[in-house]
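Data first, discussion second: the structure below is written as structure tokens.
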Amino acid sequence: MSAKSRTDLADMPEPGAGGSGASVDEITDRILAAIWEHRLPPGTKLVEEKLAEVFGVSRTKVRLALGKLSHDSILTVEPNRGTFVSSPTVEQARQVFDARRVVEACLVKELAATAKKEQLARLRKCTAQEAEARTRNDRRAIIRLSGEFHVLVAEASNNAYLSKYMRELCSLTCLVIALYDAPGVPSCPHHEHDEIVDALEERDGERASALMVEHLTHVESTLRLELPGSAEIDFKAVFG
Ligand SMILES: [Zn+2]
């Protein structure tokens, strides 16, 4: 996916605003944007006919978009039941963060050596927009922009496979956050993004890499990823 079409996510009308003749990519992007902004929570059933009506397109196009997203594990097809927004388990959530630590540590290390001025400026612009969204307390924008920062890092690496993979991991992270977020906890603390850009500007790959790992561990630690049964349920506290 090109950088252009991804940036345009921000300007896209919400479903219901029409949009006849949308392409399969556009439908895919709009569903993804809704997932990123927690407008489509995990477990939501996606009905082809309804989406076709909302987007003003044929069911075939919707089916193709849903097929793409289920291929990327963002949606789950349950035989005889339908297509649902995936609900990653605690184990899958941990695997998503493990994968991100490995991939993103490598990405920023490489990026510190190769990043062009414009790419660094773009990352800085993203963190500035994020800070601005925070002042407005625009939660949807905060969630979207904090995910976008990581996709931008992947895109700057110029490795199409890695950026595709990162996009998938970021979407899964959004689902994980929607499921396991402790109420009131923000997603990515944005000053940590700024620190990563600082290290990239200083061309300090080791530091950028360490900061990224620390940052992802921090985000993971704000989630409530306890395996069922790992903690004794205090029924008195629950019902008292
Ligand atoms: Zn982040």
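The values are calculated or read from the model by the stated rules, or taken from the named source; none is laboratory data. Bear in mind the structure is a predicted one, so any value in this text is a computation, not a measurement. When we count neighbours, we look across all protein chains shown, and the Cβ atoms used for this are built from the backbone with ideal geometry, even at glycine. Side chains included, ligands, DNA and RNA excluded: accessible areas come from the protein's heavy atoms. Shrake-Rupley method; radii C 1.70, N 1.55, O 1.52, S 1.80 Å.
What residue, among those in the range 37-82 that are open to solvent by 40 Å² or more (accessible area, probe 1.4 Å) and touching a residue at least 60 places away in the same chain (Cβ under 8 Å), is nearest to the chain's Cα centre (by Cα)?
H38
When you go through R59, R81 one by one, which is the residue that is in contact with an Asp or Glu (Cβ under 6 Å, 6 or more places away or on another chain) and of a type in the set (K, R)?
Details: R81 fails: in contact with an Asp or Glu (Cβ under 6 Å, 6 or more places away or on another chain).
Being in contact with an Asp or Glu (Cβ under 6 Å, 6 or more places away or on another chain) and of a type in the set (K, R) holds for just one of R59, R81, which is R59.
Name the single residue that is modelled with the lowest pLDDT among those in the range 21-36 being open to solvent by 30 Å² or more (accessible area, probe 1.4 Å) and part of a loop (DSSP other than H, G, I, E, B). So that I can check it myself, show each step before the final result.
Taking the range 21-36 first, the residues open to solvent by 30 Å² or more (accessible area, probe 1.4 Å) are 21, 23-26.
Filter again for part of a loop (DSSP other than H, G, I, E, B), leaving 21, 23.
Working: G21: 78, S23: 92.
Looking at residues that are open to solvent by 30 Å² or more (accessible area, probe 1.4 Å) and part of a loop (DSSP other than H, G, I, E, B), I get G21.
Would you be able to tell me the number of residues in the range 221-240 that are at pLDDT 65 or above and either within 11 Å of the ligand (Cβ to nearest atom) or part of a loop (DSSP other than H, G, I, E, B) (or both)?
Number satisfying all stated conditions: 6.
Could you pull out the residue among L169, L152, L120, L162 that is in a helix (DSSP H, G or I) and within 22 Å of L225 (Cα to Cα)?
None of the other options fit; the residue is L169.
Would it be correct to say that K125 is open to solvent by 20 Å² or more (accessible area, probe 1.4 Å) and within 16 Å of the ligand (Cβ to nearest atom)?
yes
Before we move on, is A34 under 15 Å from the mean Cα position of the chain (by Cα) and free of Cβ contacts under 8 Å to residues at least 60 places away in the same chain?
Details: under 15 Å from the mean Cα position of the chain (by Cα): yes; free of Cβ contacts under 8 Å to residues at least 60 places away in the same chain: yes.
So A34 fits the description; yes.
For the range 145-160, which positions are within 12 Å of the ligand (Cβ to nearest atom) and not aliphatic (A, V, I, L, M)?
S146, G147, E148, F149, H150
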